[in-house]
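The values are calculated or read from the model by the stated rules, or taken from the named source; none is laboratory data. Quick caveat: nothing in here was measured; it's all calculated off a predicted structure. In this analysis, Cβ positions are derived from the backbone assuming ideal geometry, glycine residues included, and neighbour counts consider all displayed protein chains. Surface areas here come from the heavy atoms of the whole protein model, side chains and all, with no ligands, DNA or RNA. Shrake-Rupley method; radii C 1.70, N 1.55, O 1.52, S 1.80 Å.
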Amino acid sequence: MMQSISRRKLLAGIGLAPWLMSSGIRAGVSRLRVVVIGGGFAGATAARYLKQQAPELDVVLIEPKSEFYTCPFSNHVLAGLQPLSSICHRYEGLIKQGVRHIRQSAQFIDREKQRVWLEDGQRLHYDRLLLATGISMNWQAIEGYDQDAAQVLPHAWQAGAQTVLLRKQLQQMDAGGVVVISVPDNPYRCPPGPYERASLIAHYLTQHKPRSKVLILDSKDTFSKQALFQQGWKELYGERIEWLGRADGGQTWRVDALKRELYTEFGQKHKGSVVNLIPPQTAAPIAQQAGLTDSTGWIPVRAASFQTQADPAIYAAGDCTIASPMPKSAYSANAQAKVAVAAMLADLTGRGAPEPEWRNTCYSALRPNYAVSIAANYTVHQERLIEIPGSLALSPADGSQQLREQEFALSQAWYSSICADSWGV
């Protein structure tokens, strides 16, 4: 992989050290400050690599929480396969490295004066800013679904308290009840995630409530790894999982949270003993307030650097961006953050940045010791991010049980590796 560096290529699935160190980029950034807003996969990775590669740089992470619960492997928690603590990550590793962690919310970005206003009124100057704010729920997208309704019909698409709530509802539901999962249209965080969730909930039901089933109401007519999921569902769960696409009335338009009822665009009504409603999503309000988003609600970026199109002093990485065809995934967020760091440090020191390439790999578990995957490589062509032709790779449809077990083990190794790479522990 590293041979591509000599051609000024940066493969963002790997570390940045060989290129940055060889460029002498650690010098020349004293008394400069980079502020990172958001401490998930993208933000933690960016803060860690900025400080690692330029120790003299003042790196400030604005993140109100002391711990971060990952959406990857939260479905395993829902199914009772592992505890919530297993997906919890803290910031001690970044702090020990020299990153300043300010536990406040960023309230406002003053682009003209290059300042971030914090909740206590402090105004923090930046030389460069990186937004890694993840997703916000679009509470106006579905009639009847708001923050209060989410306490009855949890989305669990931001892990932590919502994961605990949905897990508790699954445990308390009556035997023979139906779990309804409502899936939004693209784009949203982790495209295969709802279908992995359906799979692992079905596994839980098989073990504990064998007369229950899962109904997926989908706002799309196709989805990521569809053939692999549906083949696995038939093999593992028979008729326990039912999927309705948009053409069959799967798009949710309105909900009655107290009755746990969902109404689709064709006037159909579905009632669940447990309802997991994943709504449409957007970038965080602070990005919209700063004028960094477009009509889609996401942040458009320059493909080669992940600078925002609206402001070259502000970069963005991860789920808050428009980076199609790259999906909104943890792997993408980590890789995009590394590209943004390389471009930012090159910009601050007046050097040319390498031409980036990215990789994304996504594993999905259908039960313990049974997983499938999808992977692709990406590059920049005519200032646009594209999937490299021929790079798309799916698990074989006729894969053996041994292969499925290997992919499950690989998924666990990937999770440990990317979390260590992001949070430094």
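Structural remarks
- Tally of residues being in contact with a Phe, Trp or Tyr (Cβ under 8 Å, 6 or more places away or on another chain), under 27 Å from Asp311 (Cβ atoms) and of a type in the set (Val, Ile, Thr) across region 124-176: 1
- Residue check for Tyr145: under 19 Å from the mean Cα position of the chain (by Cα) and either at pLDDT below 95 or not in a strand (DSSP E or B) (or both): no
- Candidates Ala365, Ala375, Ala409, filtered to the one that is modelled with pLDDT of 95 or more, part of a helix (DSSP H, G or I) and either small (Gly, Ala, Ser) or over 22 Å from the mean Cα position of the chain (by Cα) (or both): Ala409
- Selection from region 365-382 of residues that are surrounded by fewer than 13 Cβ atoms within 10 Å (Cβ to Cβ) and more than 23 Å from Asn334 (Cβ to Cβ): Gln382
- Close pairs (6 angstrom Cβ cut-off, 6 or more residues apart or separate chains): at pLDDT 95 or above in region 195-214, in a helix (DSSP H, G or I) and surrounded by fewer than 21 Cβ atoms within 10 Å (Cβ to Cβ) anywhere: Ala202/Tyr237
- Answer residue from region 390-404, given it is open to solvent by less than 50 Å² (accessible area, probe 1.4 Å) and among the hydroxyl-bearing types (Ser, Thr, Tyr) and is farthest from Phe229 (Cα to Cα) among those: Ser391
- The single condition among (1) polar (S, T, N, Q); (2) part of a helix (DSSP H, G or I); (3) within 24 Å of the chain's Cα centre (by Cα) that Gln140 does not satisfy is (2).
- Counted residues, region 170-187 - those being over 23 Å from Arg246 (Cα atoms) and surrounded by fewer than 21 Cβ atoms within 10 Å (Cβ to Cβ): 7
- Of the residues making up region 28-45, none is open to solvent by 10 Å² or more (accessible area, probe 1.4 Å), in contact with a Pro (Cβ under 8 Å, 6 or more places away or on another chain) and farther than 23 Å from Ala310 by Cβ.
- For region 102-154, the set of residues classified as open to solvent by 50 Å² or more (accessible area, probe 1.4 Å) and either touching a helix residue (DSSP H, G or I) at 6+ places or on another chain (Cβ under 8 Å) or among the hydroxyl-bearing types (Ser, Thr, Tyr) (or both) consists of Gln107, Phe108, Gln151, listed by residue number.
- Region 204-220: number of residues that are in contact with a helix residue (DSSP H, G or I) (Cβ under 9 Å, 6 or more places away or on another chain), open to solvent by 30 Å² or more (accessible area, probe 1.4 Å) and in a helix (DSSP H, G or I): 2
- Only one of the numbered conditions (1) over 24 Å from Gly39 (Cα atoms); (2) surrounded by fewer than 20 Cβ atoms within 10 Å (Cβ to Cβ); (3) not β-branched (Val, Ile, Thr) is violated by Gly160, and that is (1).
- Checklist (1) over 30 Å from Ala202 (Cα atoms); (2) in a helix (DSSP H, G or I) applied to Trp233, failing item: (1)
- Within region 272-313, the set of residues being of a type outside the set (A, V, I, L, M) and part of a strand (DSSP E or B) comprises Asn276, Gln281, Thr282, Pro300, Gln307, Thr308.
- Out of Val274, Val301, Val339, sole residue that is aliphatic (A, V, I, L, M), buried (at least 22 other Cβ atoms within 10 Å of the Cβ) and more than 19 Å from the chain's Cα centre (by Cα): Val274
- Top-ranked residue of region 63-101 - restricted to ones that are aliphatic (A, V, I, L, M) and within 19 Å of Ala44 (Cα to Cα), ranked as surrounded by the fewest Cβ atoms within 10 Å (Cβ to Cβ): Ile95
- Evaluation of Trp423 against (1) out of contact with any strand residue (DSSP E or B) (no Cβ under 7 Å at 6 or more places or on another chain); (2) farther than 18 Å from Cys190 by Cβ (one fails), failing number: (1)
- Members of region 265-281 that are in contact (Cβ under 8 Å) with a residue 24 or more places away in the chain and not hydrophobic (A, V, I, L, M, F, W, C): His270, Lys271, Gly272, Ser273, Asn276, Pro279, Pro280, Gln281
- Matching helices (runs of 4 or more DSSP H) fully within region 1-118 where at least 1 residues are of a type in the set (Gly, Ala, Ser) and modelled with pLDDT of 95 or more: 41-53, 74-78, 92-97
- Scanning region 164-209 for residues that are closer than 16 Å to Val274 by Cα, of a type in the set (D, E, K, R) and within 19 Å of the chain's Cα centre (by Cα) yields one hit, Arg197.
- Some residue of region 322-333 being out of contact with any helix residue (DSSP H, G or I) (no Cβ under 7 Å at 6 or more places or on another chain), in a strand (DSSP E or B) and either in contact (Cβ under 8 Å) with a residue 24 or more places away in the chain or open to solvent by 40 Å² or more (accessible area, probe 1.4 Å) (or both): yes
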